[in-house]
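Each reported figure results from applying straightforward, stated rules to the coordinates on display, with no laboratory input. Treat the numbers as computed from the prediction; the structure is a model and nothing was measured. All Cβ positions, glycine included, derive from the backbone under ideal geometry; neighbour counts span all protein chains shown.
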Amino acid sequence: MVRLNEIRPGEVAVEAPEPRDAGLVFVGRIHTPWSDRMLCPRQGRLDGPVCRIEVFEPWAAALDGLAQYEKVEVLYWLDRSRRDLVRQSPKNDGTTRGTFSLRSPARPNPIGTSLVALVSIERNEVLVRGLDCLDGTPLIDLKPDRCAFTPLAPPQQGDFERG
């Protein structure tokens, strides 16, 4: 795990351009047992601790129907990650590669994803296993596991045409 602001040999940091607002809205907050990056698991485990995803109003109504899935994809904003590394050297790897070829939390737009096991939904809280983020991480979105998702309507003529 990279220590705060550590640059390993071979890594390259750049000065990022000024951000432009994409209209991103945090719809909730994730609560996990980890407050220190050094203790947080590198990949979530489906047998890991139960974590709580708090969904803010007015978004709680969007949870309707999610309980039918066993797994949920969680998208979150890695708000404490570096955003300036274009080349990184994974700790146990010994090579330097481009950021887009890694699952590192240090990214230009630090969006994290985890496929988690859905434990339960209680009002505006989703209990899951399998997260790998710090306590207080902002929630971007929740989606049903794409492998288990079946579209509600059959395909229509023109659905797959390019304009």
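Using a Gaussian network model of the chain whose springs link C-alpha atoms within less than 10 Å, name the residue from V128, V50, V12 with the highest mean-square fluctuation.
Most flexible of the set in this elastic network: V12.
Pick from R37, R87, R146: which residue has the top mean-square fluctuation in a GNM of the chain where Cα pairs under 10 Å get a spring?
Of R37, R87, R146, the Gaussian network model singles out R146 as fluctuating most.
Charges only on Cβ, +1 for Lys and Arg, -1 for Asp and Glu: so what's the dipole of the chain about the Cα centre, in debye to the nearest 20?
Details: 22 positive and 23 negative charges, 136 e Å.
It comes to approximately 660 debye.
Give the range of the longest stretch in the chain that excludes all chymotrypsin sites (Phe, Trp or Tyr not before Pro) found in loop regions by DSSP and having at most 12 other beta-carbon atoms within 10 Å. Before the final figure, lay out each step's value.
On the way: sites that count: F149, F160.
Free of exposed loop sites, the longest segment is 1-148.
Can you tell me which of N92, N124, N109 moves the most in a GNM of the chain? Springs connect C-alpha atoms under 10 Å apart.
Of the options given, N92 has the highest mean-square fluctuation.
First measure r as the distance between the Cβ atoms of E15 and R129, then evaluate 1/(1 + (r/R0)^6) with R0 = 35 Å and state the FRET efficiency to the nearest 0.05. Could the numbers behind the result be given before it?
Working: r = 39 Å, r/R0 = 1.12.
The value I calculate is 0.35.
Return one quarter of the surface area of the convex hull spanned by the alpha-carbon atoms of segment 1-134, equal to its mean projected area, in nm². Spell out each step's value before the answer.
Values: hull surface 36.7 nm².
Result: 9.2 nm².
Could you derive backbone 3J(HN,Hα) for segment 120-134 from the dihedral phi with the Karplus parameters 6.51, -1.76 and 1.60 (θ = phi - 60°), listing whole Hz in sequence and x where the residue is Gly or Pro?
Each residue's phi maps through the Karplus curve to give 6, 10, 10, 6, 9, 10, 10, 9, 9, 10, x, 7, 9, 9, 7 Hz.
Tell me the relative contact order for the chain as a rounded percent, counting alpha carbon contacts under 8 Å between residues six or more apart. Could you put the intermediate results ahead of the total?
On the way: 302 pairs, mean separation 56.8, N = 163.
After rounding, I find 35 percent.
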